[in-house]
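Trainee: Before anything else, here's the structure in question.
The values are calculated or read from the model by the stated rules, or taken from the named source; none is laboratory data. Here the structure is a predicted model, which is why all the values come from computation and not from measurement. Glycine also receives a Cβ, built like all others from the backbone with ideal geometry; neighbour counts cover every protein chain displayed. When the accessible area is computed, the model is the full protein with side chains, heavy atoms only, and any ligands, DNA or RNA have been set aside. Shrake-Rupley method; radii C 1.70, N 1.55, O 1.52, S 1.80 Å.
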Amino acid sequence: MLLSSPSTPSQRLPDEPAGRRLLAGLLSSTGIAVLIVVMGAAARLVNLGSRSLWLDEILTILRARGPAISDVIAVIRATPDQMPLYELSLWLLRGFGESEFIVRLPSALAGSALVWVMYWLGKELFNPLVGLFAALLIAILPFGIWYSQEARPYAFLMLFASCQALAAYRAVTNHYFLNWLSLVLFSILSLYTHHLGLLMTASVFTFVGLAILFNVGRGWLGGARSSALSDDRLRIGSQIGFALMAAGLVGLGYWPGFTLLQGFLARPELGFGGPNAAYTLTWSDVQTQLAQFDLAGLMLALFIVGGLAGIHWLGRGRRLAVLLLAVWLIVPLAAFWWRKESSIVFLAQRHLSFLFPGAVVMLALGTHGLVSGLGWLARQLSRYVTNSWPSNILVQRGATVMMGLLLLGWIYPRLMASYERPKEDYRGAAQRIIATSPPNSTVIAIGKGQSFVVTSLGFYLKHLNSPIPVTPGVLIDNQAIERLQQPGGDVWGVVFTPIDEEKERIIPPDFKVTPMTGLLLVRPPRTGGAAEQAEALLRWGSTFQSVLETSANFVAFKGGKTKLGPNLLPDLRAPAAPAGAPTEYWNLTPGARLSDDKLSFVLTPTGEMVNATFVIRKVQPGENYALFFSCRNGDLKGDQRVYITATSADGKLIDIIPSGAGYLCPPSATLTPQAFSFKVPAGVAALGLWLRATGMGTAEYATIELRRLE
């Protein structure tokens, strides 16, 4: 408490020693908050680069690699499930490299800043002690630290969500124009961090609207009605005007990113989509989901006490503070329930991360409630024993220290365990492969999640300056086989998320297996060349992923062990399809033409794509086929791809081959032979061959053949 100075110089107290002033500052609530921020930052920086990057982190790095900001934005536009803010932060750090520490540093800094914001949020909503408990909890709870040590946008999202909540509360209670501008700024930052920022923005503006309504109807704002009716109307009118202005500015700032939201919502596989399959929600499911947010045991009890304490604070003039917490937690959950119903329990915890700071304030409320209860109990016991009242300040400080120690004792072992929580060890796998294999070796991804392995392990092999490629087992093409036919190379198989024990039992005894975190390295015997090793590996993989048999047969064909059937495609010298012609002709879109045994594509700036298509009906489901072709795209600014669509008798699309995304032709200034094999899915009545080019420039195809592997 501040004391007035004596009125005369002779009455003034002597200056306090500097050390005492420093100690007093450190023991103030703000000084303690600073110490907690330092502790939270240390908890986030320790072991920041110790774990391998996983798939989503690596994809974030790859999106941020453009030479200019416009390139990063262009990549984000092509992946509408992302917003650009985190990638832009990595782009700004591009001069420091792509080590695990550097790419995770923005998240660690955001998580550290969140500790400071949580102190001010708890302090302004309730009191400084609630703020200190909120800061302490967010500083050391494993959930917050986990996402502060990941190169993903969720630490940013938690930070900006908390800033939005604080700015919204200040805007409707303090009436300063700067608070409204802060709400606009943090809302735009939240929206450009992740699409989930839209839910938080909706929540804070819902709170603002309800607060204004309460102010109009009951005079809750500030705890009493204005004494002058005209002043009351002016204040309410200005709040409505500021709120509408803030909403308009947020909408204007978000407008450039709205197209990304449209793309996100238009693709159900990226968005949250409608309800999942019918599911009966159980209390065990709720407990599991809460435990993912560290709300188990003591923390769950504190959360429940915090809810009861919120009811108590309603009677102490903190109606708006309690309303903010309720809206923060309820509105997004209601939106998720509307879309997902009981299957909300299957949402990834990261998609609910922006709710975590609100839950932590509830925990802080519960902790403060227990401190108050302990203080009351201590005073009652002391009065009963000594018939005198102890100092309220002394009791409160003692209870606060006890609760702080209890929280640290509960959370510390769980925090230490979270540091040991593994991620897929792509870095360790790459290091082992490089250390034990010649540079002309090949890695083949088998099992489910092949694209994860190709992207993530391929990133680390390149990061470690290794020329060893990673090839998906379902797409062994000409380039992969040419490498396998080089002498002296070895072959590794990598399985994402190790197969179950039953599958492990059928691994041939001469295969060498190396378990890694989230991966299984499988090495076939070195009894032959790399092609023979690859065929043996693929034959083994086909025992639990039958499509790999096709790749094994293709490798065998290239080794002269199998034969090919007749070509099922017409010669390119045949004429293009006339109007109304049957499907045994090539069908060409504008920009494509047949000439000199080639399919030539000419793309203009106004054209989206050029296609040449052919329908093949003489195929057998379950049989293996190989497509051979040559492609050239030296002056094409875009993509040249080959697709095979598999359809049923009623025209329903069954699959897109290969890999659901087509075969991307490598850059080549001359016609370069390519080939890949595939297995016709069950229920297929026809295959559609699509030769496509997109962008601007020219592309060519030649010597196109589809043959059965016999």
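Trainee: Considering 186, 207, 156, which residue is without any contact (Cβ under 8 Å) to a residue 40 or more places away in the chain, crowded, with 20+ Cβ neighbours inside 10 Å and part of a helix (DSSP H, G or I)?
Mentor: Of 186, 207, 156, the one residue that is without any contact (Cβ under 8 Å) to a residue 40 or more places away in the chain, crowded, with 20+ Cβ neighbours inside 10 Å and part of a helix (DSSP H, G or I) is 186.
Trainee: Being in a loop (DSSP other than H, G, I, E, B) and open to solvent by 50 Å² or more (accessible area, probe 1.4 Å) is the filter; apply it to segment 422-445 and report the residue that is farthest from residue 489 (Cα to Cα).
Mentor: 422
Trainee: Another question, then. Given the criteria part of a helix (DSSP H, G or I) and acidic (Asp, Glu), does residue 124 qualify?
Mentor: So residue 124 fits the description; yes.
Trainee: Could you check how many residues of segment 540-589 are in contact with a Leu (Cβ under 6 Å, 6 or more places away or on another chain) and modelled with pLDDT under 70?
Mentor: The qualifying residues number 1.
Trainee: Right, next: Is at least one residue of segment 530-552 open to solvent by 20 Å² or more (accessible area, probe 1.4 Å) and on the phi > 0 side of the Ramachandran plot?
Mentor: Within segment 530-552, not a single residue is open to solvent by 20 Å² or more (accessible area, probe 1.4 Å) and on the phi > 0 side of the Ramachandran plot.
Trainee: Being in contact (Cβ under 8 Å) with a residue 60 or more places away in the chain, under 18 Å from residue 66 (Cβ atoms) and surrounded by 22 or more Cβ atoms within 10 Å (Cβ to Cβ) is true for just one of 135, 151. Which residue is that?
Mentor: 151
Trainee: Same structure again: Exactly one of (1) under 29 Å from residue 214 (Cα atoms); (2) in contact with a helix residue (DSSP H, G or I) (Cβ under 6 Å, 6 or more places away or on another chain); (3) modelled with pLDDT under 90; (4) assigned to a helix (DSSP H, G or I) is unmet by residue 338. Its number?
Mentor: (2)
Trainee: Out of 669, 699, I need the residue that is touching a Gly at 6+ places or on another chain (Cβ under 8 Å), at pLDDT 90 or above and more than 17 Å from residue 569 (Cα to Cα). Which one? Spell out the reasoning first.
Mentor: Details: 699 fails: touching a Gly at 6+ places or on another chain (Cβ under 8 Å).
Going through 669, 699 in turn, the sole match is 669.
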